[in-house]
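What follows is one structure encoded as structure tokens, with my remarks underneath.
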Amino acid sequence: LDDHSAARAIAGDEVDVLVDLMGHSSFSRPGILLWKPAPVVITHLGYHGCVGLSQIDFKLTDAVADLPDAAAFQIEAPLMLDCCVLPARHVSRAMPSSPGAMTRAGLGIAESAIVFGAFVSLLKLSPRCLSLWRDILERVPQSLLAFSPGDASEQALYRRRVAGFGIDPARVVFIPRGADEAGDRARYLLIDIVLDTMPYTGGDTTAAALEMGVPVVTRAGERHAERMSLSLLSHLGVTDTVTHSDAGYIAMACRLAGDAAWRAEIAARIIERFPRSGLADSRSYAACLEDAYARALIIKSGAVT
């Protein structure tokens, strides 16, 4: 259906709360929302930001992902969840001893190397991000930078991108994606530290790294897209690797690389806290969503301002 016809169909179903899960990501349809096909329209999870339409009443968030002044900088009103805005889905991981499991040796990565990982798309490799990674690699001589593109044909693009910011392509390694979700999670067992991207931080990639016990160095900013990893780490209760400046980000990555005992201690705390943090508790998350939807209906009905 075209946007108007789709909006009419939704309105005909008398939906009370319409939730957009695409934002401005691929295959999004903001033109449907333009027709306001439901009394309450909420945007959530499509990407770390707002759509920017007055027809959308709320943007779901949490007490960490957005600062108290967020409403002054966006059209959609912030609607707080009582849990982390991003749910983490538990995936049973493939163990290193599993048949066909990837190993450092098999990928030509020295066991003594410090491997910084960033399993992200090229779109997240901002000039600022790559400049900081260059400085980190220069300060940690025995380190490598690992990517994991979905298509092996993209490897040349990654090498060209990092080379443009002074990173030696010889310092870049590629870890293939697994045959299934368990195999994908097992990739994190091959890296030591995740370098979060900026200004658009990790979401699912941060959650996956934490479930595997890998420390994530993040540089928290002032807006939602800059604070997703911060939210995950805060709800986990392990914020040692959160930084608030570019210099702090570099220093944190170098400290983790140089202090194996401290890195292992943080990893152990992540593994111990993740199962009881509620980040992967789908029932609890559903309850938080139900509460948020109910509050949205009450607010729009005029009962609460």
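Things worth noting here:
- Tilt relative to the chain, helix 127-139 - C-alpha long axis, 0 to 90 degrees, to 10: 30 degrees
- Counted charge near SER277, where neighbours are those whose Cβ lies closer than 13 Å (Asp, Glu -1; Lys, Arg +1): 0
- Springs between Cα atoms under 10 Å define the GNM used for the chain, and in it the highest mean-square fluctuation of ALA72, ALA38, ALA260 occurs at ALA72.
- Read-out Cα extents along the principal axes in Å, derived from the coordinates shown; its label in (i) 69, 40, 35; (ii) 80, 58, 36; (iii) 61, 41, 38: (iii)
- Positive-pole candidate from MET102, HIS90, ALA72, dipole of the range 27-133, charges at beta carbon: MET102
- Residues considered: ALA63, ALA110, ALA257. Largest GNM mean-square fluctuation over the chain, using C-alpha springs under 10 Å, is found at ALA110.
- Relative to the current alpha-carbon distance between PHE73 and ASP13, full extension at 0.36 nm per residue lengthens the span by 18.3 nm.
- The share of accessible area on the chain that comes from carbon and sulfur is 56 percent, using a 1.4 angstrom probe.
- Considering only VAL64, VAL194, VAL15, the mean-square fluctuation computed in a Gaussian network model of the chain, springs between alpha carbons under 10 angstrom, is largest for VAL15.
- Mean residue ellipticity at 222 nm, helices only, the chain: -10500 deg cm²/dmol; runs of at least 4 DSSP H residues each add -39,500 (n - 2.57), and the sum is divided by the number of residues.
- Surface per residue (accessible, 1.4 Å probe) for the chain, Å²: 47 Å²
- Centre-to-centre, using Cα atoms only, the range 241-305 and the range 131-180 are separated by 27 Å.
- Computed from the Cβ-Cβ distance with R0 of 45 Å, the FRET efficiency linking ILE298 to HIS244 stands at 0.80.
- Theoretical FRET efficiency, 1/(1+(r/R0)^6), r = Cβ-Cβ of SER126 and ARG29, R0 25 Å, to 0.05: 0.40
The values are calculated or read from the model by the stated rules, or taken from the named source; none is laboratory data. Note that the structure is a prediction, hence the values are computed from the model and not measured. Glycine gets a Cβ as well: all are built from the backbone with ideal geometry, and neighbour counts include every protein chain shown. The accessibility values were calculated without ligands, DNA or RNA, using every heavy atom of the protein model including side chains. Shrake-Rupley method; radii C 1.70, N 1.55, O 1.52, S 1.80 Å.
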